[in-house]
Amino acid sequence: MSLQSVDIAVVGAGIAGVAIAREVTRRDPGSSVVVVERDAVATGASRRSAGLHFPRGTTPRVRRMTSYSQDYYRALRQQIPRLPIHDRDMYLVAARESEARLREVHLPEAGLTAVDPLELSVAGSPVVPPTDSGVWSAAGCQYADVPALTRALARELRPDAGFLEGVRVTAVIPGTSAVTLRTGTGDTLTAGQVVLAPGPWLRDPAWHALVEPLGARVKKIVALHIEQPPEPDAPVVVFHDEDAFLLPLPHAGHWLFSYTCREWDVDPDELRAGVLPRDLAEAREVLGRYAPELAARCVSGRVFCDAYSSTKEPQIRPLDPEGRLVFAGAANGSGYRLAPAVAAETADLLGLLGGPANGRSTL
Ligand SMILES: Cc1cc2nc3c(=O)[nH]c(=O)nc-3n(C[C@H](O)[C@H](O)[C@H](O)COP(=O)(O)OP(=O)(O)OC[C@H]3O[C@@H](n4cnc5c(N)ncnc54)[C@H](O)[C@@H]3O)c2cc1C
């Protein structure tokens, strides 16, 4: 395949870009597709992802995307053996008054069921819910080693798509018959259609002016590690009212605690300071309400960022009048669990309605 002129170029080889390239090659097997990545596959937000999928969506569209993605990942695990996706039992802890909202935002197939809070410790969780909280169980939760999954999907895709790693896109020039990409290698790539899947790199000079009107912003995400090996079947606990969760990572030998950090408009290339004292303090304060002995052990973790939209829904939008240039991302800290649906909507927008993707051609 010529890498100078292709039908479709995808910029960014995170979980979104790789899922999009996979969807495009499945819907239009005859098309030439190239993925252009300034670093290596799965080195952006996807490298730091906690990889939790839970059966929840804050809007009807996100719930449809969640349901689609859940089915997609289930089918994918049957198609490609040994993918690093692991089923988990899941419990929700929330104020009892939150029950109506919990039932609204969770998929019906999650089968939300109120349970005795003691069930948590029986299931191997260190969480002790406050006495005024309720506890619910829900089905459909899984977590993935997202970088390993992204690399596995890229490996499977390579016979059908070109990969340019270590190649930075330095300019994006939409035209009436094609989109021109200039790269850091001094080359020019012409594509009939281009998908920008840049994760949190919204302000890259190559596309900042094109993407800015979407109004997406970048927020820091902190997930702390707790150096204590979880039981192999320990459940995930989601603290609904806190927008936080405690995830056992038996494959890595530690727990992960994710809470909502409110630091906006960070630069992904500047987040080199690692975990800061205020990150530790904020996380310990939240986790301390549910699992004080674990809170004291939050001493390290992963710090990065993600793109967030003003609508709380992923953005899949044309950026030029011809519809040759499409933005796909801003999945609001849910880019792993919604990647299959983002890919399906992107392929729809590219006009690739030809073939079924895991039994469905569109959302
Ligand atoms: C700590 C943390 C925990 C998270 N936990 C979860 C979770 O539990 N569940 C969940 O669903 N989501 C989670 N997320 C969010 C999820 O990881 C992201 O939404 C997802 O990885 C975004 O994927 P992406 O492909 O859009 O972006 P990325 O993975 O960032 O990929 C974008 C790629 O574009 C490349 N790129 C940038 N500029 C250029 C250029 N000029 N030329 C070429 N390539 C370029 C980058 O190098 C990068 O590889 C978490 C995120 C973080 C940071």
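Laid out as a table, the results:
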quantity: Fraction of the pair-distance distribution of the range 116-185 above 13 Å, Cα-Cα pairs, percent; calculated: 81 percent
quantity: Helix axis angle, 339-349 relative to the chain longest principal axis, alpha carbon, degrees; calculated: 30 degrees
quantity: Extension gain (nm, one decimal) between R61 and A148, 0.36 nm per residue minus Cα-Cα; calculated: 28.5 nm
quantity: Rounded tilt (10° steps) of 277-288 against the dominant C-alpha axis of the chain; calculated: 50 degrees
quantity: Under the Debye formula (equal points on every Cα, no solvent term), log10 I(q)/I(0) of the range 113-265 at q = 0.11, 0.15 Å⁻¹; calculated: -0.70, -0.98
quantity: Unit Cα scatterers, Debye sum, the range 57-167: log10 I(q)/I(0) for q = 0.16, 0.23 Å⁻¹; calculated: -0.87, -1.27
quantity: Under the Karplus curve 6.51 cos²θ - 1.76 cosθ + 1.60, θ = phi - 60°, whole-Hz ³J(HN,Hα) for the range 24-41, x wherever Gly or Pro sits; calculated: 4, 5, 6, 6, 9, x, x, 7, 8, 10, 10, 10, 10, 9, 6, 10, 10, 3
quantity: Stretch gain in nm, segment A273-E231, where the contour uses 0.36 nm per residue and the Cα spacing is subtracted; calculated: 12.0 nm
quantity: Cα centroid of the range 202-255 to Cα centroid of the range 286-315, whole Å; calculated: 6 Å
quantity: Sequence ranges 338-345, 97-104, ranked by mean other-Cβ count within 10 angstrom, highest first; calculated: 338-345, 97-104
quantity: Distance in nm between pseudo-label sites at H251 and A281 (7 Å out along the Cβ direction from Cα); calculated: 3.6 nm
quantity: For the chain: accessible area per residue (Å², 1.4 Å); calculated: 41 Å²
quantity: Peptides ranked, highest mean first, by Cβ atoms within 10 Å: ranges 80-92, 108-120; calculated: 80-92, 108-120
quantity: Paramagnetic reach from I80 in the range 45-72 [backbone N under 20 Å; point 7 Å along Cα→Cβ]; calculated: 45-54, 66-72
quantity: Charge sum, other residues only, whose C-beta stays under 10 Å from R302's C-beta, Lys/Arg counted +1 and Asp/Glu -1; calculated: +2
quantity: ³J(HN,Hα) computed for each position of the range 207-221 - Karplus, 6.51 cos²θ - 1.76 cosθ + 1.60, integer Hz, glycine/proline x; calculated: 9, 3, 5, 6, 8, 3, x, 5, x, 6, 10, 10, 10, 5, 10
quantity: Extension gain from L210 to T260, taking 0.36 nm per residue of separation minus the Cα-Cα distance; calculated: 15.1 nm
quantity: Length-normalised contact order for the range 2-127 - Cα pairs under 8 Å, 6+ apart - percent; calculated: 19 percent
quantity: Of all accessible heavy-atom area on the range 94-150, the percent that carbon and sulfur account for (1.4 Å); calculated: 58 percent
quantity: Hypothetical label at E109: residues of the range 337-351 whose amide nitrogen lies under 16 Å (7 Å Cα-Cβ projection); calculated: 337-342
quantity: Proximal charge balance of S49 [Cβ under 10 Å; K/R count +1, D/E count -1]; calculated: +2
quantity: Beta bridge orientation in the chain: antiparallel %, DSSP, nearest 5; calculated: 70 percent
quantity: Within-13-Å neighbourhood charge of A191 [Cβ basis; K, R +1; D, E -1]; calculated: -2
quantity: Computed over the chain, the ratio Rg/Rh where both radii use C-alpha atoms and Rh is Kirkwood; calculated: 0.98
quantity: Carbon plus sulfur fraction of accessible area for the range 201-243, probe 1.4 Å, in percent; calculated: 51 percent
quantity: Cα long-axis angle, helix 146-157 against the chain (0 to 90 degrees, to the nearest 10); calculated: 30 degrees
quantity: Length-normalised contact order of the range 288-331 in % [C-alpha pairs under 8 Å, at least 6 apart]; calculated: 31 percent
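The values are calculated or read from the model by the stated rules, or taken from the named source; none is laboratory data. Source: prediction; values computed, not measured. Cβ coordinates were reconstructed from backbone atoms using ideal geometry, including for glycine residues, and neighbour counts include every protein chain displayed. Heavy atoms of the whole protein, side chains included, go into the accessibility calculation; ligands, DNA and RNA do not. Shrake-Rupley method; radii C 1.70, N 1.55, O 1.52, S 1.80 Å.
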